[in-house]
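The values are calculated or read from the model by the stated rules, or taken from the named source; none is laboratory data. All of these numbers come straight from a predicted model, not from anything done at the bench. Methodologically, a virtual Cβ is constructed for each residue, glycine included, from the backbone with ideal geometry; neighbour enumeration extends over all protein chains shown.
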Amino acid sequence: MKKSKSPAAFAALTIGSLGVVFGDIGTSPIYAFRQSLDSSGTTAYDIFGVVSLIFWSLMLVVSLKYLTFVLRADNNGEGGILALFALLPWRIKNAQTGARYGFLILLMLGTALLFGDGILTPAISVLSATEGLGTIDPRFIHLSVPITVAILVVLFGAQYKGSGSIGRLFGPIILVWFATIGYLGFRKVQEMPHVVKALSPYYAAEYVGHHGLHTFVILSSVILAITGAEALYADLGHFGKTPIRVSWYLVVAPTLILNYLGQAVVALQNPDTKGNLFFDLAPTKSWTLFLVLIATAATVIASQALITGVASLSRQAVKLGLFPRLKIVHTSEDLEGQIYVPAINLLVGIGSIFLVINFRSSNALANAYSFAISGTMLVTTLAFGFVAKEKLKWNKGALIITLPLLLAIDLAFFLATVTKIIKGAWVPLVIALAITYLMWTWRRGQRALSVALSDSVLGWEEVEALIESNSISVIPDTGVYLSSTAHQVPQALASQIHNLHSIPSNIVVVEVITGDIPFVSAPPRVKQINSRVIEVIIWVGFKQELKVSKILAEKVLTPEIEARCTYYLSDRKFVESHGGALRGLSERTFALLHRNSATASDYFGLPDNRVISLGTRMDV
């Protein structure tokens, strides 16, 4: 976690968190209130009820759930749903059957929904901003889709350059954004000061009681006001708890509330309006133009934050064994978190552009968006319950009081968004199910692969016996072999003995273990197996960059010896059969994922000109 060393550093973290952490929730006023009134009605009774529901949703979900409780469940300063995954007890993370296994699948689904959120956020955010052109002149409304597509093409196309330079502008621009929406809301509230009465819980409670089951339809739109709440937790490691909390209470919450109240005044004054309540806050055409421009900039920043978040989530999923190896490009030499994942960026970019072209309006996209949010929040609460009990050691009284309240809130929103399945919520559901299946298949395949490798182990005694019998020759070389288990003969070495009938004179077997914490500082463990073989175990955190060659040169071998080493890798080819743990579609999917994963030399940071791959055919 980042700790401020001075008031200036703390202020920088606080302002920086505005763009990254609160960009998504900060742009929700563009569409959330309008969408909620479309679901409820435009009478004064409806307007007061919806404002009250939005206000108390912000208080209960953001202030209470995330800022008060969930931020406590940090993994060495890091947050996010995969940080919760890493904190879960071994018996849950490695479950194979029963309720624990079902919970593990549910956690994968929650992670997958976050990927769906990453696809939806750029689409709905930027489209909702460009729709403001219709407020300037109705003839411009048809330009919103092509302009949005153009912005998204540029945004995703520029990811390979990194977001470090533009990231420095995120905080100040979003600060201007919050000041603008707060000012426009306050200005409008002065025309009807009594609208502040809507902040009373009476209006929300009475509204829910009066509407009964229809409340779920309304809540499915109200949840749009808390989009991005998960980012409070996911970006914990970048900024720390205190800057995030200060940003929320001093800047974000007050300006959001003022803006929603201001939109309520617009709706009260013009109950039959078909316009955009957010852009109607602008007093003049010049203000409207400025609002469209600053809204577009703010939504691009919110989208960039989500794109970066998805890239980070992908890397964590790889390290935790949920995804195959992905090519990861570090776009900054100074900032470890600045990464670009080409495959994920391409898929998310295509998905976002497709949604814009297919749905064509933020109203239509809202139905799909809300489901992804509610599903992720519900899974986060369930995982938090396990962590609070097992890791934080909460007593039963605290759990009984806290968890039912949080689950009741999340279940209400989740059941509400389920009503939108046929209206667009099927999109993130299909995306999430597909990603969950890939994670499940990869995890299952990796386990089957470990079993298959352990069944065909060649012992070091057998290797020495082959050398003594002159069945294989010893070549003057230092060979480095990556292995899933350091104390066993690596598959690449076994293939070399079988096919090339040779073995290096010095052998280094390297096992990389990804820990359950974000960053590991422990040095590698080195053990001598025999006169020619040493095993090296390297620990790495699930958010750390990995360069095996650099670690060996600095911590195990000398730079001169490492520079002359040859790295041997096993290039596995899977054959489909009726045997093995995987069959049919699962086996073909695992083979496809394995075949298209990033090369081991790229992933482990090996020098390409000193890598030799040895083919192996096997059935899992």
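Screening the range 202-314 for helices (runs of 4 or more DSSP H) wholly inside it with 1 or more residues that are touching a Phe, Trp or Tyr at 6+ places or on another chain (Cβ under 7 Å) and of a type outside the set (Val, Ile, Thr) returns the ranges 214-222, 229-234, 241-247, 253-269. Among the residues here, Glu545 does not qualify as out of contact with any Pro (no Cβ under 6 Å at 6 or more places or on another chain) and free of Cβ contacts under 8 Å to residues at least 24 places away in the same chain.
In the set (1) farther than 12 Å from Lys65 by Cβ; (2) modelled with pLDDT of 90 or more, Ala398 fails one condition alone, (2).
Only one of the numbered conditions (1) in contact with a helix residue (DSSP H, G or I) (Cβ under 7 Å, 6 or more places away or on another chain); (2) at pLDDT 90 or above; (3) of a type outside the set (D, E, K, R) is violated by Leu569, and that is (2).
Do any helices (runs of 4 or more DSSP H) entirely within the range 71-181 hold 1 or more residues that are closer than 26 Å to Ile226 by Cα and charged (D, E, K, R), and if so, which? Walk me through how you get there before you give the answer.
Values: elements: 81-87, 90-93, 98-130, 133-136, 144-157.
Output list reads 98-130.
Of all the listed residues (Gly515, Gly541, Gly479), the sole one being of a type in the set (Gly, Ala, Ser), at pLDDT 90 or above and touching a Phe, Trp or Tyr at 6+ places or on another chain (Cβ under 6 Å) is Gly479. Quick test of your reading of the structure: Arg72 fulfils all but one of (1) more than 14 Å from Tyr233 (Cα to Cα); (2) in contact (Cβ under 8 Å) with a residue 40 or more places away in the chain. Name the failing condition by number. Result: Arg72 passes all but (1).
Name the one entry in Val356, Val329, Val348 that is surrounded by 15 or more Cβ atoms within 10 Å (Cβ to Cβ), modelled with pLDDT of 85 or more and either under 20 Å from the mean Cα position of the chain (by Cα) or of a type in the set (S, T, N, Q) (or both).
When all the criteria are applied, what remains is Val348.
The condition of being surrounded by fewer than 22 Cβ atoms within 10 Å (Cβ to Cβ) and part of a helix (DSSP H, G or I) holds for only one of Phe10, Phe33, that being Phe10. Within the range 478-499, residues that are in contact (Cβ under 8 Å) with a residue 40 or more places away in the chain have Cβ atoms under 6 Å from residues that are assigned to a helix (DSSP H, G or I) in these pairs: Tyr481/Ala492; Tyr481/Leu493, counting only partners at least 6 apart in sequence or on another chain.
Residues that are hydrophobic (A, V, I, L, M, F, W, C) and farther than 18 Å from Glu562 by Cα within the range 499-537 comprise Leu500, Ile513, Ile517, Phe519, Val520, Ala522, Ile529, listed in sequence order. Candidates are the residues of the range 538-575 that are over 20 Å from Ile612 (Cα atoms) and aromatic (Phe, Trp, Tyr); the one that is farthest from the chain's Cα centre (by Cα) is Trp539. Just to be sure before I move on: is Thr417 more than 30 Å from Pro504 (Cβ to Cβ), among the hydroxyl-bearing types (Ser, Thr, Tyr) and in contact (Cβ under 8 Å) with a residue 40 or more places away in the chain in the structure I sent? Here the answer is yes, as Thr417 does meet what is asked.
Of all the numbered requirements in (1) of a type in the set (A, V, I, L, M); (2) at pLDDT 90 or above; (3) within 18 Å of Leu109 (Cα to Cα), Ala425 misses one, and that requirement is (2). So is Leu322 within 17 Å of Ala86 (Cα to Cα), of a type in the set (A, V, I, L, M) and in contact with a Phe, Trp or Tyr (Cβ under 7 Å, 6 or more places away or on another chain) or not? Against the criterion (within 17 Å of Ala86 (Cα to Cα), of a type in the set (A, V, I, L, M) and in contact with a Phe, Trp or Tyr (Cβ under 7 Å, 6 or more places away or on another chain)), Leu322 qualifies.
Quick grid of which residues meet (1) basic (Lys, Arg); (2) outside the structural domain of Phe186 (by TED's automatic domain parsing); (3) in contact with an Asp or Glu (Cβ under 6 Å, 6 or more places away or on another chain):
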{"residue": "Gly237", "(1), (2), (3)": "no, no, yes"}
{"residue": "Pro243", "(1), (2), (3)": "no, no, no"}
{"residue": "Val252", "(1), (2), (3)": "no, no, no"}
{"residue": "Asp272", "(1), (2), (3)": "no, no, no"}
{"residue": "Lys285", "(1), (2), (3)": "yes, no, no"}
{"residue": "Val292", "(1), (2), (3)": "no, no, no"}
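Looking at Leu236, Leu219 in this structure, which one is touching a strand residue (DSSP E or B) at 6+ places or on another chain (Cβ under 7 Å), among the aliphatic types (A, V, I, L, M) and buried (at least 23 other Cβ atoms within 10 Å of the Cβ)?
After applying the criteria, what remains is Leu236.
Identification of helices (runs of 4 or more DSSP H) wholly contained in the range 485-598 with 3 or more residues that are assigned by TED's automatic domain parsing to the domain that holds Leu614, over 30 Å from Leu87 (Cβ atoms) and touching a strand residue (DSSP E or B) at 6+ places or on another chain (Cβ under 7 Å) yields 491-500. Take Phe278 and tell me if it is at pLDDT 90 or above, more than 24 Å from Leu382 (Cα to Cα), in contact with a helix residue (DSSP H, G or I) (Cβ under 7 Å, 6 or more places away or on another chain) and of a type outside the set (Ser, Thr, Tyr). Against the criterion (at pLDDT 90 or above, more than 24 Å from Leu382 (Cα to Cα), in contact with a helix residue (DSSP H, G or I) (Cβ under 7 Å, 6 or more places away or on another chain) and of a type outside the set (Ser, Thr, Tyr)), Phe278 qualifies. Within the range 399-420, the presence of a residue that is over 26 Å from Leu224 (Cα atoms), crowded, with 16+ Cβ neighbours inside 10 Å and touching a helix residue (DSSP H, G or I) at 6+ places or on another chain (Cβ under 8 Å) is excluded.
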